Amino acid sequence: MNRLFSLILLLLPMMSFANGKILATPGVSQVEGSGGGGLVPWAQLAGYATEDEIAFSAFCSQANVKDFQLNSCGGQINFYDRVEFSFAKQNFQVDPLSLTLSQDILGLKVRLYGDLVYSTWPQLSVGIQHKSLTTADVAFSLGAKDDTGTDIYLAASKLHLGLLAGYNVLWNATARYTKANEMGLLGFSGPKGNGALQTEMSVAVLINKHLAVGTEYRHKPDNLGLGEDDWQDVFVAWFPNKHFNVTLAYLNLGTIAALADQKGWYLSLSGSY
């Protein structure tokens, strides 16, 4: 992280801070650090940088379900609306065992084609998320094979102006190759699987320029044979300006580590400059 802050200081004199995009179009910050929704990385890059700007974003999120709590904080740098670097630190509290699992996630996303609003076809981006589980004992005891892994994904996003009774509609579809168990918090691979292609989807309606409501769905592998379920949410995101946003969501995470009915709430705060 010290190297990252040093790089920021070097760039400060030469940068144009980002403010060029339409309000709310970059989305929010995903729990793994990438720009997008709460559960799913989108094709948009974090922040409001255009082709001649650099954007910085930071976030903190908390998800509370019946037996678990996830705290995730991190940030992103968007270079000229072409490359996004991201970092997230996750702490996962397991209430029945009174312990905390932690992992670090480094991300890279590259815009391949298009613009969310102005191109005929959807914006396309490719990304990676390299995950390092720093508390691996529980994962190995459950049958995980590794404490590190790298997800690779391809995301497509499009904003349709006035599509639904005059309201703007945004959709995203992501294909992810992953070996992660519960996003990596229970390690990678296992006796029931060693990597699979998963699909993730998001839809949002912009009620006005400051408020969006939507839903997300994320398919997940069950490498450990513990009944790992897909994740889904319904969210409301508020964008009072281009420097701050708040997301509140209702979560249905199904079964986690053989504990069923993991439902609850999610709150995320993000800032962009």
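Would you work out which of 139, 249, 101 lies farthest towards the positive end of the dipole of the chain? Charges go on Cβ: Lys and Arg +1, Asp and Glu -1.
Checking the options against the dipole of the chain, the answer is 249.
With labels modelled as points extended 7 Å from the Cα through the Cβ direction, what inter-label distance (nm, one decimal) is found for residue 140 paired with residue 161?
About 5.7 nm, to one decimal.
Below 8 Å between Cα atoms, with a sequence gap of 6+, how large is the relative contact order for the chain in percent?
16 percent
Springs between alpha-carbon pairs under 10 angstrom, Gaussian network model over the chain: which of 39, 164, 97 fluctuates most?
Greatest mean-square fluctuation among the candidates belongs to 97.
If you place +1 on the Cβ of every Lys and Arg and -1 on the Cβ of every Asp and Glu, how big does the dipole about the Cα centre of region 17-158 come out, in debye to the nearest 20? Intermediate results must be reported in sequence, preceding the final value.
Details: 9 positive and 14 negative charges, 45 e Å.
Charge dipole of region 17-158: 220 debye, to the nearest 20.
What is the sum of charges, Lys and Arg at +1 and Asp and Glu at -1, for the other residues whose Cβ falls under 15 Å from the Cβ of residue 191?
0
Which of rounded, prolate or oblate describes region 27-67 when judged by the alpha-carbon gyration tensor and an a/c cut-off of 1.5? Intermediate results must be reported in sequence, preceding the final value.
Numbers: a/c = 4.63, a/b = 2.42, b/c = 1.92.
Because a/c hits 1.5 or more and a/b exceeds b/c, region 27-67 counts as prolate.
Could you give log10 I(q)/I(0) at q = 0.13, 0.14, 0.16 Å⁻¹ for the chain, computed by the Debye formula over C-alpha point scatterers of equal weight, without solvent?
-0.81, -0.94, -1.21
First compute the accessible area of the chain with a 1.4 Å probe, then give the percent of it belonging to carbon and sulfur atoms.
64 percent
Around residue 254, under 13 Å between beta carbons, what's the net of Lys plus Arg minus Asp minus Glu among the other residues? Don't skip to the end; give the middle numbers.
Numbers: positive: 66, 218, 220, 263; negative: 67, 182, 222, 228, 229, 230, 233, 261.
Net charge in that neighbourhood comes out at -4.
Relative to the present Cα-Cα distance, how much length would full extension add between residue 205 and residue 269 at 0.36 nm per residue of separation?
Answer, rounded to one decimal: 21.1 nm.
Once R0 is set to 35 Å, what does the formula 1/(1 + (r/R0)^6) return for the Cβ-Cβ distance between residue 50 and residue 93, expressed as a FRET efficiency to the nearest 0.05?
Working: r = 39 Å, r/R0 = 1.13.
The pair residue 50/residue 93 has a calculated efficiency of 0.35.
Residues of the chain: accessible area per residue at 1.4 Å, in Å²?
Ligands and nucleic acids excluded, the result is 43 Å² per residue.
So what's the net charge close to residue 104: Lys and Arg +1, Asp and Glu -1, counting the other residues with Cβ under 10 Å from its Cβ?
Combined, the nearby Lys, Arg, Asp and Glu give +2.
Select from 240, 96, 221 the residue whose mean-square fluctuation is largest in a Gaussian network model of the chain (Cα-Cα springs shorter than 10 Å).
96
To make sure I understand the rule: partners must be aspartates and glutamates, Cα under 17 Å from the Cα of residue 220, and not fewer than 8 residues away in the same chain. Which ones qualify?
32, 151, 182, 200, 228, 229, 230, 233, 261
Compute the relative contact order of region 184-273 as a whole-number percentage, counting only Cα pairs closer than 8 Å that sit 6 or more residues apart in sequence. Could you put the intermediate results ahead of the total?
On the way: 191 pairs, mean separation 18.8, N = 90.
Relative contact order here is 21 percent.
For region 23-64 and region 208-273, what is the centre-to-centre distance using only Cα atoms, to the nearest Å?
If we compute the Cα centre of each part, the gap is 14 Å.
Any chance you could give the angle, 0 to 90 degrees and rounded to 10, that helix 2-11 forms with the longest Cα principal axis of the chain?
That works out to roughly 10 degrees.
Here is the link list: 21/131; 109/131; 192/263; 66/192. Which ones come out longer than 20 Å on Cα distance?
21/131; 192/263; 66/192
With springs only between Cα atoms under 10 Å, which of 165, 43, 156 fluctuates most in a Gaussian network model of the chain?
For the chain, modelled as a Gaussian network with Cα springs under 10 Å, the answer is 165.
The values are calculated or read from the model by the stated rules, or taken from the named source; none is laboratory data. From a predicted model like this one, the values you see are computed outputs, not experimental measurements. For neighbour counting, all protein chains shown are included, and Cβ atoms are generated from backbone atoms with ideal geometry for every residue, glycine included. The protein model used for the area step is the full one, side chains on, heavy atoms only, and it has no ligands, DNA or RNA in it. Shrake-Rupley method; radii C 1.70, N 1.55, O 1.52, S 1.80 Å.
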